[in-house]
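To start, the structure under review is shown below, and the notes come after it.
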Amino acid sequence: MNATEIVPGEVFIDDRGRTAQLHGIGLQRIGDRWYAWGEDKAAGDRFTAVACYSSQDLGTWRYEGDSLVAGAGELAPDRIVERPKVLHHPDGHWVMLVHLDTAEYTTAHVGYAVADNPVGPYEFVGSERPLGNETRDIGVFQEGDAAYLLSEDRSDGLHIYRLRDDYLGVESIVTTLRQQDRPELGYESPTLVKHDGRYFLFGSDLTYWNMNDNKYAVAATLEGPWSAWRDIAPPGTNTFESQVSVVVPVGDAFVYVGDRWTEHDLETSPLVMLPLRIIGERVVLEWRDRWSIDELLGTAAV
């Protein structure tokens, strides 16, 4: 196949001709397609649904349906439901994790939902404050049968938790990372990948809807020690005016996916999707006006 060109900072239009609701995206390869779960921002920051899409080239998107929809309680339309991330459990079912909150951001829970397939619909199971800690922006990481929750705790740094065997709750804290100059804080919107035996943890500073120079740290084990935080992109670019959502492997390469939030028009906030290279312990993210998966892989087939 010839992959569609990706233009960072432009809104993706799905197969229905609508703006693809890929905000706060979770993304992974399943079979011969990528599947993505995003916050549907049709009602601004209030919950409507977690929308699911699929793509063969990360440039054209097919709407698969709503995986999680507004209802009652913690999924009510006046609530905050953010950062949908999905794990494939070893027994075959799928688990979605989301940040759940009130409009005032006072609850700070992680929620769990399950489905028989990646699209869903997902059935909400419940929520928690992991080990009693606040949790806001989240990410997930899976290695073999073990799964991990990455969680920003506004009062105590960025936690890496090991999930229980059923992936529906937190078992223990693996480690907690903090900013060098503000050790009471961590980084939000975390994502984690492994490359050549090292773990690379990415996150964003806490600057509301405004962009900032996102950071990464490196370690040989999840427990650490972790390196000092470094800029993902050239300093002063505010990570090309985006906030990291996920970094995903594509062949032997990686793709950075960040949100370019438009505070008063969240529904049409675009993604910044760029090739990302890892060289030793160094991350290199450079701007491209346009690019494709074929170009990234150096082949005409994905």
Contour excess over end-to-end distance, with Cα ends at THR102 and ILE279 and 0.36 nm allotted per residue: 59.6 nm
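Among 186-195, 220-229, what's the highest-first ranking by average C-beta atoms within 10 angstrom per residue? The partial results should precede the final answer.
Numbers: 186-195: 22.7, 220-229: 14.1.
In descending order of packing, they fall as 186-195, 220-229.
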Label selected from (i) -0.60, -0.87, -1.43; (ii) -0.71, -1.01, -1.50; (iii) -0.73, -0.95, -1.33, the criterion being log10 I(q)/I(0) by the Debye sum over Cα atoms at q = 0.11, 0.13, 0.16 Å⁻¹ as computed here: (i)
Potential extension, GLN56-VAL174 segment - 0.36 nm per residue separation minus Cα distance: 39.0 nm
Computed [θ] at 222 nm, helices only, for the chain once each DSSP H run of length n ≥ 4 contributes -39500 (n - 2.57): -500 deg cm²/dmol
Length-normalised contact order for the chain - Cα pairs under 8 Å, 6+ apart - percent: 16 percent
R0 of 22 Å, Cβ-Cβ distance ALA42-ALA72: FRET efficiency to nearest 0.05: 0.70
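Read-outs throughout are calculated quantities, based only on the coordinates presented, and are distinct from any laboratory measurement. Just so we're clear, the structure is a prediction, and the values are computed from it rather than from any experiment. All Cβ positions, even for glycine, are placed from backbone atoms using ideal geometry, and neighbour counts span all protein chains on display.
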